[in-house]
Amino acid sequence: MYNTKAYSAASATSPLASDTIARRDPTEHDVQIEILFCGICHSDVHSVRNEWSDFMSTTYPIVPGHEMVGRITQVGSAVTKYKPGDLAGVGCMVDSDGTCPQCKANLEQFCPSLTLTYNSPDKHLGGVTYGGYSDSIVVDERFVLRVPDNLDLAGVAPLLCAGITTYSPLRHWGVTKDKKVGVVGLGGLGHMGVKFARAFGAHVVVFTTSPGKTEDALRLGAHEVVVSRNADEMQKHAGSFDFILDTVSAKHDINVYLNLLRLDGNITLVGAPENPLEVAAFSLIMGRRSLSGSNIGGIAETQEMLDFCSEHNITANVEVIPIQKVNEAYERLLKSDVKYRFCIDMASLKSE
């Protein structure tokens, strides 16, 4: 066991502050990584402030962060896929049982014994797991990802959550060339959805409540932008979409978007509104439409996504900050005052 610097929160109302945490020494199957960059996900804010207590109560102190890239410093004796000096990434999960049907299907994210990167029971040290707002991390090699060396590392970090969260449903629902795809919301998730859908060859339409986002949406790859509050604009697209990716976490009328789907069209939720969505039965019945949800991706698919990003030069749009500004970043994130993800330069932790 060794100690490493980190930023943690002591309670739901405490700011994140400098701390020292324990990490396990690498076992024979482990990889030790020096963390270079760590993205800030909205889930970090929810978890730090215990806003998902009905789903998963937070154990304090909490060290958030599940979008990290870094360089391998040590590997266990049985590690075969990595060596010291390699670039590597760690996303939202660090272990699973490896034996359930989901794991055998490369869908570890649905394993009933999944270990999340932070705030999950730590079977090695006891207590809970600690995330990427820290100097280093030790992870089983099965949950380590190869990071392309041709991409900006700060822009790669959010791919480990925001990237795979949008890539996975687009792939699952067969988004390819000539499909018409809608992306609802242009934030941290939405901007990645636009980039991937465009790279897959789809005709991409962004739906936003903010007319001021039109220029950005087009620059990111959208072919069209629709202001969703404009009923006439919405009506022009009725019954025409093969697939819609809904990234919005605020309350909104899902039926408006269901009615834009063509026969057998699908809308997938990746945003998580606090209040239940009300679905009108006829919005589904009349076009044999479907409504589904999606949650990150398995390790194999996440690696596929990173390789795709390498080939197509895709990264997240990030604002890089020092760790000392993380509390300010949380407040700005809640106001949607970032384009489009914050990423922490972990070198700043060395000055603590």
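Observations on the structure shown:
- Cα centroid of region 254-287 to Cα centroid of region 89-104, whole Å: 30 Å
- The heavy atoms of His237 offer some 20 square angstrom of accessible surface to a 1.4 angstrom probe.
- Take every Cα pair under 8 Å whose residues are at least 6 apart in sequence, average their separation, divide by the length of the chain, and the relative contact order is 18 percent.
- Computed over the chain, the per-residue total of -39500 (n - 2.57) for DSSP H runs of n ≥ 4 gives a 222 nm mean residue ellipticity of -6000 deg cm²/dmol, rounded to 500.
- Counting protein heavy atoms only, region 21-163 has 51 percent of its accessible area on carbon and sulfur, 1.4 angstrom probe.
- Partner aspartates and glutamates for Lys177 [C-alpha distance under 13 Å; skip if fewer than 8 residues away on the same chain]: Asp242
- A 1.4 Å probe run over the chain, with the rest of the protein chains in place, finds 43 Å² accessible per residue.
- Tensor-based shape of region 165-302 (alpha-carbon gyration tensor, a/c under 1.5 rounded, otherwise prolate or oblate): rounded
- Environment charge of Gly131, counting only residues whose C-beta is closer than 13 Å and scoring Lys/Arg +1, Asp/Glu -1: -4
- On region 188-316, 50 percent of the accessible area sits on carbon and sulfur atoms, based on a 1.4 Å probe.
- Each principal axis of the Cα cloud of region 198-273 was taken in turn, and the coordinate range along them, longest first, works out to 29, 28, 27 Å.
- Seen from Gly89, the other residues with C-beta closer than 9 Å to its C-beta sum to a net charge of 0, counting Lys and Arg as +1 and Asp and Glu as -1.
- Region 15-77 versus region 158-218: alpha-carbon centroid distance in Å: 27 Å
- Ranked from largest to smallest solvent-accessible area, with a 1.4 Å probe on the protein heavy atoms, Phe37, Phe196 come out as Phe37, Phe196.
- Put a dot 7 Å past the Cα of Glu304, heading toward its Cβ, do the same for Gln324, and the two dots end up 4.4 nm apart.
- Bridge type composition, the chain - antiparallel percent by DSSP, nearest 5: 55 percent
- Candidates Ile299, Ile267, Ile21, ranked by Gaussian network fluctuation over the chain, Cα under 10 Å, top entry: Ile21
- Residues Phe55 and Asn3, FRET efficiency given R0 of 30 Å [Cβ-Cβ distance, rounded to 0.05]: 0.45
- Counted charge near Val326, where neighbours are those whose Cβ lies closer than 14 Å (Asp, Glu -1; Lys, Arg +1): -3
- Cα Rg, Dmax (largest Cα-Cα span) when computed across region 54-159, Å: 14.2, 41
The values are calculated or read from the model by the stated rules, or taken from the named source; none is laboratory data. Because the structure is a prediction, the values reported are computed rather than measured. Here the Cβ is made from the backbone with ideal geometry for all residues, glycine too, and neighbour counts use every protein chain on show. Accessible surface areas use protein heavy atoms only, side chains included; no ligands, DNA or RNA. Shrake-Rupley method; radii C 1.70, N 1.55, O 1.52, S 1.80 Å.
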